[in-house]
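Input: a single structure, listed below in structure tokens.
Bear in mind these aren't lab numbers, they're just calculated from the coordinates by the rules spelled out. Here the structure is a predicted model, which is why all the values come from computation and not from measurement. Methodologically, a virtual Cβ is constructed for each residue, glycine included, from the backbone with ideal geometry; neighbour enumeration extends over all protein chains shown.
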Amino acid sequence: MLTLDLTNAPRWHDLAPGVRVQLRPLTTALMVATRSDPAVEAVPEEVSDEERAVAFAKALARRAVLAWEGIGDADGKTIDPSPEAIDALLDLWPIFEAFQLTYVSKGLLLEQEKNASALSPIGPSVGASDTAKPARKPAKTVRRS
């Protein structure tokens, strides 16, 4: 069953010990706006998928981040989110990975949720439950003429 969160309220996400960000819900409008972001559209076609993913994640974060805690400048003074600061934050590999896992991938879980099949981490039947009753006795072999 698909579970809808009708509140559409921003949520806090922990990205690292002592670092958390408040993000808008990952909505269709937010994703469409990010896809048409000038920074995303300016990415040349010949760049790698990884470079394209970084550009998209930064553009998405610039739209989604409302507030944060545990982030400061080089002098240790707390700073507010800004486009430049958000880009610098996502340049840190562990933060980028956490953002992708805790925020972006949650939107992709909808794909799993709508699929009624059991999880299959290794093969088509792993994690699936039996639907047929076991046979009462072995089947007889066919006679050869």
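Within a Cβ distance under 15 Å of Ala9, other residues only, what is the Lys/Arg minus Asp/Glu net charge? Write down the numbers at each step before the final one.
Values: positive: Arg11, Arg24, Lys106; negative: Asp5.
Charge balance in the 15 Å sphere: +2.
Kindly state, to the nearest 0.05, the FRET efficiency for Lys137 paired with Met1, given R0 = 41 Å and r defined as their beta-carbon distance.
Working: r = 39 Å, r/R0 = 0.95.
Efficiency, rounded to the nearest 0.05: 0.55.
Just from the alpha-carbon atoms, what are the Rg and Dmax of the stretch 11-114 in angstroms?
According to the Cα coordinates of the stretch 11-114, Rg and Dmax are 13.9, 47 Å.
Which of the GluC sites (Glu not before Pro) across the stretch 39-79 are loop residues per DSSP, with 12 or fewer other Cβ within 10 Å?
Values: sites: Glu41, Glu45, Glu46, Glu50, Glu51, Glu69; in loops: Glu45, Glu46.
Answer by residue number: Glu45, Glu46.
Order 96-106, 58-68 from most to least packed using the mean count of other Cβ atoms within 10 Å. Write down the numbers at each step before the final one.
Details: 96-106: 16.5, 58-68: 20.5.
The packing order, highest mean first, is 58-68, 96-106.
Where the centre of each part is set by its Cα atoms, how far does the stretch 1-56 sit from the stretch 77-108, in angstrom?
A separation of 9 Å, based on Cα centres.
If you take the beta carbon distance between Leu66 and Glu46 as r and set R0 to 25 Å, what does 1/(1 + (r/R0)^6) give as a FRET efficiency, to the nearest 0.05? Walk me through the numbers on the way to the answer.
Values: r = 35 Å, r/R0 = 1.38.
So the FRET efficiency works out to roughly 0.10.
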